[in-house]
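These notes concern the structure reproduced below.
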Amino acid sequence: MNPRKQLKQLMAAPGYVIAPGAYDTLTARLVQVAGFDAVYLTGGGYSRASGYPDIGLLTMTEIVQWIARTVDTVDIPVIADMDTGYGNAVNVVRSVREYEKTGVAAFHLEDQVSPKKCGHYEGKALVSMAEMVGKIRAAVDTRRDADMLIIARTDARAVEGLQAALDRMNAYLEAGADLGFVEAPQSVAELAAIPKGIGKPAVANIFEDGKTPPLPAKDLQAMGYRLGIYPSQTHRAAIFAAQEVLSVLKRDGDTAAIEHRLASFNDREVAVNTQHWRAIEDKYLKNV
């Protein structure tokens, strides 16, 4: 079964799917090796990994290259961030075509103006509901493979309030989106209201220090959420670890004091699936 069908079946079955965030292709491999059923490619994480804040500075072409490399490297379904579709409904048509070519299993499309901001930044602005409905319809009509899921995201909670966000989301779902992602609810009560208030499966976005309470998976499942994306945990862990080892290297002139906490040479080779490539060498080059 291909990854798109895998994710579609996961969304149709009971339960709650945890999709850890990956900010680069190696991290996506680590998510797979850890045994998760899906991986989320966070646009904000990739932007920060490229040295920029999450304010829409990267182009669709740059993002698609990253997605394509990652889909080619992992076997589990990949859920990608399409930001605002990189423009209006016409741009969405091109973006969907390019994303679909990568083999991505799902993507989310949001209703901020372009360029967008991180969903937990202040100062967000929205396109009209009518414009976003047109963008969702453009995405649905452009999609060739019905197994590729379209996730509608609204950032209206911060701008217009929760009820307006639910109204917008239901309009987007009626336009053909498969799942609903209401960004940045600000309390447990608001989190609980979202799955009950929209007409299709709900997506939760969970990380520390944002506007949304980071509830355990069992609580989110009990509320009715079907998919949870965890965009920043792996990236924050990597930043912390790099800062720690660099501090030791600066202090001591070597990393001996911290080597017991670093991945081994073999850990690194497992992460990049070296054995797979060696098997290819053995198959095609052994008689050369």
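The values are calculated or read from the model by the stated rules, or taken from the named source; none is laboratory data. Predicted model only: the values in this text are computed from it and were never measured. Don't worry about glycine lacking a Cβ; one is built from the backbone with ideal geometry, like all the others, and counts go over all protein chains shown. Calculation scope for accessible area: heavy atoms of the full protein, side chains included, ligands and nucleic acids excluded. Shrake-Rupley method; radii C 1.70, N 1.55, O 1.52, S 1.80 Å.
Across the alpha-carbon set of segment 138-244, the Rg to Rh ratio works out to 1.03, Rh being the Kirkwood radius. Under the rule of at least 5 residues apart or a separate chain, name every residue whose amide H is placed under 5 Å from the amide H of Leu41. Counting only residues 5 or more places away or on other chains, the set is Ala22, Ile79, Ala80, Asp81.
Please report, in debye to the nearest 20, how large the charge dipole of the chain is about its Cα centre when each Lys and Arg carries +1 at its beta carbon and each Asp and Glu carries -1 there. It would help to have the intermediate numbers written out before the result.
Working: 32 positive and 35 negative charges, 90 e Å.
Computed about the Cα centre, the dipole is about 440 debye.
Highest-first packing order for the peptide set 42-54, 79-91 is 79-91, 42-54, based on the mean count of other beta carbon atoms within 10 Å.
Computed from these coordinates, which is Cα extents along the principal axes in Å: [x] 71, 47, 38; [y] 75, 46, 35; [z] 58, 49, 37? So the calculated entry is the one marked [z].
Taking the C-alpha atoms only, the angle from helix 89-102 to the longest principal axis of the chain is near 30 degrees. Only protein heavy atoms count here; under a 1.4 Å probe, Trp277 has an accessible surface of about 150 Å². Note on segment 197-288: dipole from Cβ charges, positive end direction compared against Ala271, Ala238, Gly199; the farthest Cα belongs to Gly199. If one takes the longest principal axis of the Cα atoms in the chain, at what angle in degrees, from 0 to 90 and to the nearest 10, does the Cα axis of helix 129-142 lie? Roughly 60 degrees, rounded to the nearest 10. Using the Karplus relation 6.51 cos²θ - 1.76 cosθ + 1.60 with θ = phi - 60°, the per-residue 3J(HN,Hα) values for segment 158-175 come to 6, 9, 10, x, 5, 4, 5, 5, 5, 4, 4, 4, 5, 5, 5, 5, 5, 6 Hz, with x marking Gly and Pro.
Extension gain, Arg268 to Ser247, is 5.4 nm, computed as 0.36 nm per intervening residue step minus the present C-alpha separation.
Could you give the length gained by full extension between Val33 and Glu100, i.e. 0.36 nm per residue of separation minus their alpha carbon distance, to one decimal place?
Values: separation 67, 0.36 × 67 = 24.12 nm, distance 2.46 nm.
Full-extension gain reported as 21.7 nm.
How tilted is helix 274-285 with respect to the longest principal axis of the chain? Cα atoms for both, answer in degrees (0 to 90, nearest 10). With rounding to tens, the tilt is 70 degrees. What the phi angles of segment 10-15 give under the Karplus curve with 6.51, -1.76 and 1.60, with θ = phi - 60°, is a coupling list of 4, 6, 8, 8, x, x Hz, glycine and proline written as x. Helices in the chain, meaning DSSP H runs of at least 4 residues, each add -39500 (n - 2.57). Divided by all residues, the mean residue ellipticity at 222 nm is -15000 deg cm²/dmol. Amide H contacts of Leu149 (H built 1.01 Å from N, in plane; Pro and chain starts excluded): Ala106, Phe107 sit under 5 Å, all sequence-distant by 5 or more or on other chains.
Could you size up the charge dipole of segment 199-288 around its Cα centre, putting +1 on the beta carbon of Lys and Arg and -1 on that of Asp and Glu, and report it in debye to the nearest 20? Show your work: numbers first, answer last.
Numbers: 12 positive and 11 negative charges, 87 e Å.
The dipole of segment 199-288 has a size of about 420 debye.
If one computes P(r) from the Cα atoms of segment 1-108, what percent of pairs lie at distances over 16 Å? Mind dumping the intermediate values first?
On the way: 3223 of 5778 pairs.
Taking all Cα-Cα pairs of segment 1-108, the fraction more than 16 Å apart is 56 percent.
Extension gain for Asp209 to Ala256 (0.36 nm times residue separation, less C-alpha to C-alpha distance): 13.6 nm.
Bridgeable lysines around Lys8 (alpha carbons under 24 Å apart, same-chain partners fewer than 8 residues away excluded): Lys101, Lys135, Lys196, Lys200, Lys218.
Taking all protein chains together and a 1.4 Å probe, the residues Asp72, Asp267, Asp178 rank Asp72, Asp267, Asp178 from largest to smallest accessible area. Along segment 67-72 the Karplus relation, 6.51 cos²θ - 1.76 cosθ + 1.60 evaluated at θ = phi - 60°, assigns HN-Hα couplings of 4, 4, 4, 6, 4, 5 Hz to successive residues, with x for each Gly and Pro. The calculated FRET efficiency for the pair Asp141 and Arg278, based on their C-beta separation and a Förster distance of 41 Å, comes to about 0.35. With each label modelled as a point 7 angstrom along the Cα→C-beta vector, the Glu62-Val113 pair spans 2.2 nm. Per-residue surface analysis assigns Asp75 an accessible area of about 110 Å², computed on protein heavy atoms at 1.4 Å probe radius.
If you find the alpha carbon centre of segment 7-57 and of segment 251-277, how far apart are they in angstrom? If we compute the Cα centre of each part, the gap is 23 Å. How many angstrom separate the Cα center of segment 59-87 from the Cα center of segment 156-231? A separation of 22 Å, based on Cα centres. A cut-off of 5 Å between modelled amide H atoms, ignoring neighbours fewer than 5 places along the same chain, links Gly176 with no other residue.
What is the magnitude of the charge dipole of segment 96-206 about its Cα centre, with +1 placed on the Cβ of each Lys and Arg, -1 on the Cβ of each Asp and Glu, and no other charges, expressed in debye to the nearest 20? Kindly include the intermediate steps, with their values, before the conclusion.
Details: 14 positive and 16 negative charges, 22 e Å.
With Lys and Arg at +1 and Asp and Glu at -1, about 100 debye.
Counting only lysines at least 8 places from Lys211 when in the same chain, those with an alpha carbon closer than 18 Å to its own are Lys116, Lys117, Lys124.
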